[in-house]
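Engineer: Provided herewith is a single structure, encoded as structure tokens, for subsequent inquiry.
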Amino acid sequence: MKPDMLMSTGVPSKQQIDGVTPPESRRKQGPFVVIECFQEIPCDPCYHSCRFGAIKPLESLNDIPQVDWDRCTGCGICVAACPGLAIFVVDEAFSDTECLIAIPYEFVPLPEKGDPVYLLDREGRRVGQGVAHRVVPGRKPQGTPVVWVRAPNELSMEARHLLPAEKASKKAGQASDKAADQASDKASAGESLTGKGGMNCVSR
Amino acid sequence: MRRTELAIIGAGPAGVCAALEAASHGVRVTLIDREEHIGGQLVKQTHKFFGWHEKSAGTRGIVISRDLADKVKDNPGICFMGSTEVLGYYGDDGVLLLEAPAGIQLLEPERLLVAAGASEKMILFPGNDLPGVYGAGAVQTLMNVRGVRPGKSVLMVGSGNIGLIVSYQLAQAGVKVAALVEALPKIGGYAVHASKIRRLGIPIYTRHTVKEAYGKNSVEGAIIWELDDNWQGIPGTEKGLDVDVMCLATGLTPLCEFLWQAGVEMAYIPELGGFVPLYDEHMETTVKGIYVAGDAACIEEASMAMAEGRLAGLAIARSLGKVPDGEFSRKREDSLRELEELRAGPTSEVIVRGLAAMRKRLEEHLSQEHSSRQAHQPGAKPDAQQGNQQRKRVSS
């Protein structure tokens with residue numbers, strides 16, 4: 001049997017991503033969770049972390065979490081709770097040109113609010129540039145920090161990791177530098193637009 | 001000679017959970033580890049664990065090990081002997097020979113639990129003896145315990161959870177992971193761990209293996225190549241990688257020397273990691289009074305090791321007459337259900353198959369033993385093999 005794309009490459013397929021993306025009508029309404037967890041593993045912290053009941057009860061510990069879109073507020077608490085770092089929050093209603101993406105980020109130094117960041121896709125390719133909009137440090141001694149980045153709208157379902165921009169620019173020979181620079185111009189053009197959509201994440 | 005009700009070899013997740021469970025029923029426990037710290041491999045695990053929210057899911061291994069160590073230290077029923085190597089187990093006398101910081105000691109336990117963990121498997125390729133070729137455990141010790149980077153650029157070999165997690169930890173420590181190779185067509189560990197390192201830009205090459213490592217005094221580079229359906233390298237597919245470290249995460253095999261020495265029936269069950277002891281659902285081996293838990297019983301995640309440890313600790317306390325019937329059956333059911341649910345998913349299919357094979361071997365062994373016992377008249381001199389199987393209960 002040929003293994004599927006996820007198990008042979010570590011990258012989920014488009015169908016898998018589409019399957020965990022809410023319908024268009026819900027996407028317009030504000031922040032929503034994207035749970036990129038496609039394999040049955042014995043794990044349940046996401047379900048217990050949600051205080052809105054938006055992650056449906058698991059019948060078995062190995063069940064894959066299912067989201068109730070009407071209940072999800074996009075607060076992002078599950079992003080930090082997921083041991084697999086497989087949960088993201090996307091807010092496509094943030095502004096006309098930019099979206100917000102909550103990304104779990106376990107690297108030091110943490111970017112500071114306002115820092116430019118490179119955005120990486122699920123294969124680690126640099127696909128654009130964004131700005132650290134809000135940085136939620138993990139709870140000591142072991143919480144996962146979450147960085148909410150402002151990203152170009154078209155990257156809402158693509159960008160899944162970030163790299164501090166200064167550090168990244170020192171690395172020579174990256175094929176996507178040009179694309180990143182173009183995207184960076186775009187991002188800085190939209191910088192003055194500050195929507196309120198992204199501010200409803202849970203404070204600790 | 002010192003005596004103890006329960007000696008546990010190995011203060012990792014299985015051994016510590018067994019110690020805490022047994023001590024909670026009033027068993028006096030001696031917990032032995034060759035390292036000075038309590039927690040075994042948990043002290044290197046900086047990632048968050050899966051499993052149940054109520055147990056330790058979402059908690060990092062380093063935090064779990066600190067919690068467990070505190071509980072052991074606070075427990076007057078547990079004597080922890082750190083920096084102590086178990087040199088051997090002498091079943092006829094029921095005695096453990098220990099090398100402690102204070103010198104050689106003998107310990108006579110009423111029950112013995114082997115929770116010694118596992119050792120890493122090595123793979124063959126030219127250059128595998130060069131400095132710079134590490135086991136994944138050593139890389140984790142260097143980075144996460146000692147705070148030392150193993151090198152600048154790493155080739156990771158093996159896509160089980162260890163290979164995936166250590167790749168991620170290397171990236172966190174600022175070390176470049178040039179590639180991860182996996183001989184199988186499929187990633188062995190959890191998909192979420194694999195996706196995590198792909199986002200960092202670490203390539204995963206399935207159906208690939210190491211052709212060779214080269215370098216004058218240490219690793220200066222490695223060549224990988226693709227494998228065909230017969231596991232042979234395909235000429236022309238070679239890729240050179242500029243690395244100074246190769247990290248082997250190519251599997252673990254149970255550490256069961258003491259069980260061999262004690263005359264426990266062993267079986268080769270590849271699904272469980274190699275030679276493993278035969279043991280019943282209470283983790284008791286074919287030698288009465290000798291128990292096993294954790295990776296020494298079968299190679300699995302730490303969540304399962306902790307559950308097995310609790311079950312073994314309970315069964316041992318019960319065998320010493322310290323657990324009332326009702327409490328025993330309730331806690332036993334809880335533990336068995338916990339293990340069953342942890343193993344219910346597709347990622348545990350191989351383990352479940354291996355455990356079934358092991359249990360079948362155990363049944364065959366028990367029925368053989370039964371019929372050979374019947375064949376001999378009482379008082380007849382047992383043959384050598386049977387003598388081995390009919391060892392007396394440890395030191396009773």
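Computed from the coordinates by the stated procedures, all read-outs in this text should not be read as laboratory data. Keep in mind that this is a model prediction, so the values were computed, not measured. Cβ sites come from the backbone with ideal geometry, for glycine too, and all protein chains shown count toward neighbours.
Engineer: Enter the angle in degrees (range 0 to 90, nearest 10) between the Cα long axis of helix B:325-342 and the first principal axis of the Cα atoms of chain B, meaning the one along which they spread out most.
Structural biologist: Its long axis makes an angle of about 20 degrees.
Engineer: Going through the cross-link list B:K55/B:K196; B:K44/B:K331; B:K176/B:K239; B:K48/B:K71, which pairs have a Cα-Cα distance over 22 Å in this structure?
Structural biologist: B:K55/B:K196; B:K44/B:K331
Engineer: Also, I was wondering about something else. Suppose each label sits 7 Å from its Cα in the direction of the beta carbon; what would the B:A375-B:V148 distance come out to in nanometres?
Structural biologist: 5.7 nm
Engineer: Here's another thing I want to ask about it. Report, for the protein assembly as shown, the % of DSSP beta bridges that are antiparallel, rounded to 5. Present the calculation step by step, with values, prior to reporting the outcome.
Structural biologist: Values: 59 of 93 bridges.
Close to 65 percent.
Engineer: Find out how many positive minus negative residues lie around B:A100, taking Lys and Arg as positive, Asp and Glu as negative, among other residues whose Cβ is under 12 Å from that of B:A100.
Structural biologist: Numbers: positive: B:R2, B:R34; negative: B:D33, B:E36, B:E85, B:E99.
Around B:A100, the charge tally is -2.
Engineer: Excluding same-chain residues fewer than 8 positions from B:K73, which aspartates and glutamates have a Cα within less than 19 Å of its Cα?
Structural biologist: B:E5, B:E21, B:D33, B:E35, B:E36
Engineer: So how far apart, in nm, are the two label points at B:K186 and A:T97 if each is 7 Å from Cα heading toward Cβ?
Structural biologist: About 4.7 nm separates the two model spin labels.
Engineer: Next up: Apply the a/c threshold of 1.5 to the C-alpha gyration tensor of region A:1-149 and tell me whether it is rounded, prolate or oblate. Present the calculation step by step, with values, prior to reporting the outcome.
Structural biologist: Details: a/c = 1.31, a/b = 1.25, b/c = 1.05.
It comes out rounded by the Cα gyration axes.
Engineer: First measure r as the distance between the Cβ atoms of B:S83 and B:Y268, then evaluate 1/(1 + (r/R0)^6) with R0 = 45 Å and state the FRET efficiency to the nearest 0.05.
Structural biologist: Calculated value: 0.85.
Engineer: Which residue fluctuates the most in chain B, going by a Gaussian network model with Cα springs under 10 Å, if the choices are B:L227, B:L200, B:L107?
Structural biologist: Among B:L227, B:L200, B:L107, the largest GNM mean-square fluctuation belongs to B:L200.
Engineer: Still on this structure: Work through the residues other than B:V350 whose Cβ is under 11 Å from its Cβ and net out their charges, Lys, Arg +1 and Asp, Glu -1.
Structural biologist: Values: positive: B:R343, B:R353; negative: B:E271, B:E300, B:E349.
Counting the neighbours of B:V350, the net charge comes to -1.
Engineer: For chain B, set up a GNM with springs between Cα atoms under 10 Å and report which of B:G39, B:G273, B:G321 has the largest fluctuation.
Structural biologist: B:G321
Engineer: Here's a follow-up. Compute the long axis of helix B:13-24 from its Cα atoms, compare it with the longest principal axis of the Cα atoms of chain B, and write down the angle in degrees, 0 to 90, nearest 10.
Structural biologist: Between helix and principal axis, roughly 30 degrees.
Engineer: Mind pulling the angle between the C-alpha long axis of helix B:61-74 and the longest principal axis of chain B? Nearest 10 degrees, somewhere in 0 to 90.
Structural biologist: Here the helix axis deviates by roughly 30 degrees.
Engineer: Ok, one more. If you add up the charges near B:A296, with Lys and Arg at +1 and Asp and Glu at -1, over every other residue whose beta carbon is less than 12 angstrom from its beta carbon, what do you get?
Structural biologist: Net local charge, B:A296 excluded: -4.
Engineer: What does the average come to when, for each residue of peptide B:46-52, you count the partner chain Cβ atoms lying within 10 Å of its Cβ? Don't jump to the answer; show the numbers that get you there.
Structural biologist: Working: counts 2, 4, 11, 3, 9, 7, 6.
What the average comes to for B:46-52 is 6.
Engineer: Let me ask something additional. For the protein assembly as shown, what is the mean residue ellipticity at 222 nm derived from helices alone (per DSSP H run of n ≥ 4: -39500 (n - 2.57); sum divided by total residues; nearest 500 deg cm²/dmol)? Mind showing how you got there, number by number?
Structural biologist: Numbers: 17 runs with 172 residues, N = 600.
Only helices count here, giving -8500 deg cm²/dmol.
Engineer: Same structure, new question: Under the 0.36 nm per residue contour assumption, what length would be gained going from the current alpha-carbon distance of B:R353 and B:F275 to full extension?
Structural biologist: 26.6 nm
Engineer: Within 10 Å of each Cβ in A:83-89, how many Cβ atoms from other chains are there, averaged over the peptide? Numbers along the way, then the final one.
Structural biologist: Values: counts 12, 9, 8, 6, 1, 0, 0.
Whole-number average of other-chain Cβ neighbours for A:83-89 is 5.
Engineer: Restricting to chain B, what percent of DSSP beta bridges are antiparallel, rounded to 5?
Structural biologist: Looking only at bridges with both residues in chain B, the antiparallel portion is about 50 percent.
Engineer: Right, another one. In nm, to one decimal, how far is the modelled label at A:K113 from the one at B:D92, with both set 7 Å along Cα→Cβ?
Structural biologist: 7.6 nm
Engineer: When chain B is modelled as a GNM with alpha-carbon springs shorter than 10 Å, which of B:Y268, B:Y168, B:Y279 fluctuates the most?
Structural biologist: B:Y268
Engineer: Could I ask something else about it? Across region A:1-123, how many lysine pairs, 8 or more apart or on two chains, come within less than 26 Å at their alpha-carbon atoms?
Structural biologist: Values: A:K2/A:K14; A:K14/A:K28; A:K14/A:K56; A:K28/A:K56; A:K28/A:K113.
Lysine pairs, 8 or more places apart or on different chains, close enough: 5.
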